[in-house]
Amino acid sequence: MNLGVSFAAVILVIVIALGGVAGIGAYSLFGIIIPYAAFIVFLVGVTYRIVVWAKSPVPFRIPTTCGQQKSLPWIKSDPLESPHNTPGVIGRMVLEVLFFRSLFRNSKVELREGKPIYGGAKWLWLAGLAFHWSFLIIVLRHLRFFFDPVPAGINLLAALDGLFEIGVPTLFLTDALFLISVTYLFLRRLAIPCLRYISLPADYFPLLLILAIGLSGFLMRHVYKVDLYKVKELALGWVRFQPQIPEGIGWIFYLHLFLVSVLLAYFPMSKLVHMGGVFLSPTRNLANDNRMRRHVNPWNYPVKVHTYEEYEDEFRDKMKAAGIPVEKE
Amino acid sequence: MSLAKLPKPEELSKVSLQPPAKGWMENPAEFKPGTWCYSAAPKNLKTLGLSNPREWKPSDADWKLPENWREIILQGMKERLERFRSFRLFMDICVRCGACADKCHFYIGSGDPKNMPVLRAELLRSVYRRYFTRSGRLLGKMAGARDLTVDVLKEWFYYFYQCTECRRCSIFCPYGIDQAEITMMGRELLNLVGCNINWVLEPAANCFRTGNHLGIQPHGMKDMLDFIAQDVEDRVGVHIEVPLNRKGAEILFVTPSADFFADPGTYTCMGYLMLFKEIGLDYTFSTYASEGGNFGLFTSHEMIKRLNAKIYAEAKRLGVKWILGGECGHMWRVLHQYMDTLNGPADFLEEPVSPITGTKFENAKSTRMVHITEFTADLIWNNKLKLAPRRNDHLRVTFHDSCNPSRAMGLLEEPRYVIRKACNHFYEMPEETIREKTFCCGGGAGLGTDENLEMRLRGGLPRAMAVKHVKEKHGVNRLACICAIDRATLPPLMEYWVPGVEVTGVHELVGNALVMKGEKKRETDLRGEPQPAKEESKNV
């Protein structure tokens, strides 16, 4: 049912876009107003989420250590898995954010005759990495629509991405990787029983939405081609705050754009905010230097304790009889 | 529940990881005997001043909750979301990728899908969405949100007391979401309405009043330590006086009370006493701070602080320079990650320096408390101990990393170095089951009680099977650990799954191997079992 709801939601999004553009021709709505609104929701929403997290105190330093601590000088410590200083923490975060270090540890357990057998399970890591990296590169490539002239870096990125020059226009490698990895992540959710069991509409919906974005983009580039100069004209209009709808951009573009707008608006209220959250995770972004440097809890408050005096008052006679020193004779 | 009443290991290990057909929100928790812990006795709640003391049982239909229990819980959630970034973040960012799912020992051993860390967290997250997020309020179940009902509360109780806060899932999570943190919050909330277990609160109440979990009064503690010293004298021939509450000692030694209360912890304690005697350490035990463990960690952050306070207070009263801590797992999570923050700064102490080797323990210069394996490893490295590892040649040893020293401290090499120097036969378990990936004993976080035995044995299955592997491969007959809960829960686990393997503390091995000045001819090990004669030994 969770899958059905998500699927229906994505279909609805597509129908709205097609009806709005091909049906009633509401170009300004779908080409200017909704994209602007979505972008604002995205920016404000994500900023709000991050500010709320960042403003929440971190009362305790609770890193999860995945390697040897720094202790005696002759014991080799692990500066990245159990960092004891800021450079180490930065290194750990770089590995985590850019290369998904923790996910790389993934294994799969199978029970054979009552014995757990641990096998490798790197596919999730690989697909996750392929998906996130190709998504990032695709977004960066799209920046060519927003700059005139296009910065050299972006052109270079696009050139590298299309290195193999398959087909006309060239197939971007990241487009293929993106579609394959999203499909994998989606099918994985369906195929693995325990994963299917935990999946919510909020898990299927973004995957299907992103898949629809990828497919519509792919179709636009390779099948229902649109005039990219006109698309760029529109994009530059947004950037210069003088948006105008150029004549004759095909419906597929508006479909693609509306799907992206929905994703942007949905982003801040969904699990997709993990993009910002990962940087703030206290089990990863704190150094394992707990006994070296005191961590201050901003809301540490006094508590009721049982003092030594109260203790001795209760047990003084027994202590004296047993020859244990006491404060008051 | 005794081992005899349980199904045979062949039966218990038949676990299916296939989830049921019905969705998890439609499946309320079922309190099957052997899988939950008794509720806390009212007297213990009263000692600690906790809410809603009453007689009740988790299997009862009516839990005698306060009338406004829902408001209490929701208010409690609100406060904790505002106080802990960890809590808010971990409620928000999970993508349910499932990487944590099969990393939990309780899931592997029970197949219950709500023991997948992700789903255990969703039990709380679904309520968070319903009351603290807009999408949850508007979309309800479609957004993965659900109302807080008595059944939901019961489910929390069942599953948050079916998590040992071992943090194994956290190392696999791409965002470092730590189920231990979520379980701690869940238990704090349950405590607000008086839903807690006796195996946690009785030790906590005892610790509050008598200074230790077992409720040992000062004269009793003296008797026990003297008794252990007498055992050392009988087996080793060296007389030891155990200092108690001695002002002006250089070092305060704090260890879990289980170390002087019951086997096999007492053998570890013999090891400590022998070591301190041999190096002439100027130290003292304390009867007031006679517990290293801290069952506050399994109750609430406030309770951690209340119980932990006595350690610094006693160090100050006795005027020691620094503190040395014995072998214990969750004790060291508190000492390493919480003590200085909660009850510091320890400016009345000095930065720890080994009086024997002169080594400065730079890594403990703020908290001023050193782990015994750090201390002993330093002694051995500097050749201050005479060890005869052949005295452990009757033992083929493997090492169980305790959850907290490995995943909250990174204390991995120190105990291994000590073991290697004290024993000739040491074998590691498979890589996926040791160091930061170590598996829990199944009875940590206050779950090590007998009525919960079936669940403990299930949770301990991955650990036990790893031991079985090295037993079959290398003939391992001794499982070493640095945790008092391990020393209490691993013996029945071994008896059930891997008969023939006994459990030992690392300092028992040190005690066996330690050549002491003035010792008699050692015919037995510290357990009184025959020690191999010189000619029988061979190095591997």
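The values are calculated or read from the model by the stated rules, or taken from the named source; none is laboratory data. Please read these numbers as outputs of a predicted model, since none were measured by experiment. Cβ coordinates were reconstructed from backbone atoms using ideal geometry, including for glycine residues, and neighbour counts include every protein chain displayed.
Tell me which residues, restricted to segment B:1-39, are small (Gly, Ala, Ser) and either surrounded by 15 or more Cβ atoms within 10 Å (Cβ to Cβ) or not in a loop (DSSP other than H, G, I, E, B) (or both). Correct list: B:Ala4, B:Ser13, B:Ala29, B:Gly34, B:Ser39.
Residue by residue, here is whether (1) within 26 Å of the chain's Cα centre (by Cα); (2) not in a helix (DSSP H, G or I) holds:
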{"position": "B:Asp102", "(1), (2)": "yes, no"}
{"position": "B:Tyr107", "(1), (2)": "yes, no"}
{"position": "B:Arg120", "(1), (2)": "yes, no"}
{"position": "B:Leu124", "(1), (2)": "yes, no"}
{"position": "B:Tyr128", "(1), (2)": "no, no"}
{"position": "B:Lys141", "(1), (2)": "no, no"}
{"position": "B:Leu148", "(1), (2)": "no, yes"}
{"position": "B:Lys154", "(1), (2)": "yes, no"}
{"position": "B:Tyr158", "(1), (2)": "yes, no"}
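Conditions tested, residue by residue: (1) of a type in the set (Ser, Thr, Tyr); (2) touching a Lys or Arg at 6+ places or on another chain (Cβ under 9 Å); (3) more than 18 Å from B:Glu502 (Cα to Cα).
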{"residue": "B:Ala377", "(1), (2), (3)": "no, yes, yes"}
{"residue": "B:Ile380", "(1), (2), (3)": "no, yes, yes"}
{"residue": "B:Arg391", "(1), (2), (3)": "no, yes, no"}
{"residue": "B:Val397", "(1), (2), (3)": "no, yes, no"}
{"residue": "B:Ser402", "(1), (2), (3)": "yes, no, no"}
{"residue": "B:Glu413", "(1), (2), (3)": "no, yes, yes"}
{"residue": "B:Cys423", "(1), (2), (3)": "no, yes, no"}
{"residue": "B:Glu428", "(1), (2), (3)": "no, yes, no"}
{"residue": "B:Glu432", "(1), (2), (3)": "no, no, yes"}
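If you go through segment A:1-26, how many residues are surrounded by fewer than 17 Cβ atoms within 10 Å (Cβ to Cβ) and not hydrophobic (A, V, I, L, M, F, W, C)? Number satisfying all stated conditions: 4.
Can you pull out the residues in segment A:277-296 that are touching a residue at least 12 places away in the same chain (Cβ under 8 Å), within 23 Å of B:Pro405 (Cβ to Cβ), at the interface with chain B (Cβ under 7 Å from one of its Cβ atoms) and not β-branched (Val, Ile, Thr)?
If we filter segment A:277-296 for residues that are touching a residue at least 12 places away in the same chain (Cβ under 8 Å), which is where we start, we get A:277-280, A:282-290, A:292, A:295.
Okay, now just the ones that are also within 23 Å of B:Pro405 (Cβ to Cβ), so A:282-290, A:292, A:295.
Now restrict to residues that are at the interface with chain B (Cβ under 7 Å from one of its Cβ atoms): A:282-284, A:288, A:290, A:292, A:295.
Within segment A:277-296, A:Pro282, A:Arg284, A:Asn288, A:Asn290, A:Met292, A:His295 meet the criteria.
Residues that are of a type in the set (Gly, Ala, Ser), more than 11 Å from chain A (Cβ to nearest Cβ) and in a helix (DSSP H, G or I) within segment B:198-223 comprise just one, B:Ala204.
When segment B:371-380 is limited to residues that are hydrophobic (A, V, I, L, M, F, W, C) and in contact with a helix residue (DSSP H, G or I) (Cβ under 6 Å, 6 or more places away or on another chain), the one that is nearest to the other protein chains (Cβ to nearest Cβ) turns out to be B:Ala377.
Annotation: A:Val89 fulfils all but one of (1) more than 9 Å from chain B (Cβ to nearest Cβ); (2) buried (at least 18 other Cβ atoms within 10 Å of the Cβ); (3) farther than 30 Å from B:Ser354 by Cβ; the unmet one is (3). Would you please name the residue that is farthest from the chain's Cα centre (by Cα), looking only at residues in segment A:314-325 that are more than 8 Å from chain B (Cβ to nearest Cβ) and surrounded by 11 or more Cβ atoms within 10 Å (Cβ to Cβ)? The qualifying residue farthest from the chain's Cα centre (by Cα) is A:Lys320.
Among the candidates A:Pro151, A:Pro193, single out the residue that is farther than 30 Å from B:Arg125 by Cα and surrounded by fewer than 20 Cβ atoms within 10 Å (Cβ to Cβ). Walk me through it before giving the result.
Details: A:Pro193 fails: farther than 30 Å from B:Arg125 by Cα.
Step by step, each of A:Pro151, A:Pro193 is checked, and only A:Pro151 is farther than 30 Å from B:Arg125 by Cα and surrounded by fewer than 20 Cβ atoms within 10 Å (Cβ to Cβ).
For segment B:461-473, the criterion of being among the basic types (Lys, Arg) and within 19 Å of the chain's Cα centre (by Cα) is met by at least one residue.
Filtered by the rule that a residue be more than 8 Å from every other protein chain (Cβ to nearest Cβ), part of a strand (DSSP E or B) and surrounded by 21 or more Cβ atoms within 10 Å (Cβ to Cβ), segment B:333-370 gives a lone residue, B:Val370. Only a single item in (1) modelled with pLDDT under 95; (2) of a type in the set (Gly, Ala, Ser); (3) surrounded by 21 or more Cβ atoms within 10 Å (Cβ to Cβ) is not met by B:Ala121, and it is number (1).
The one condition from (1) of a type in the set (Asp, Glu); (2) within 24 Å of A:Lys76 (Cα to Cα); (3) facing chain A (nearest Cβ under 10 Å) that B:Glu327 does not meet is (3).
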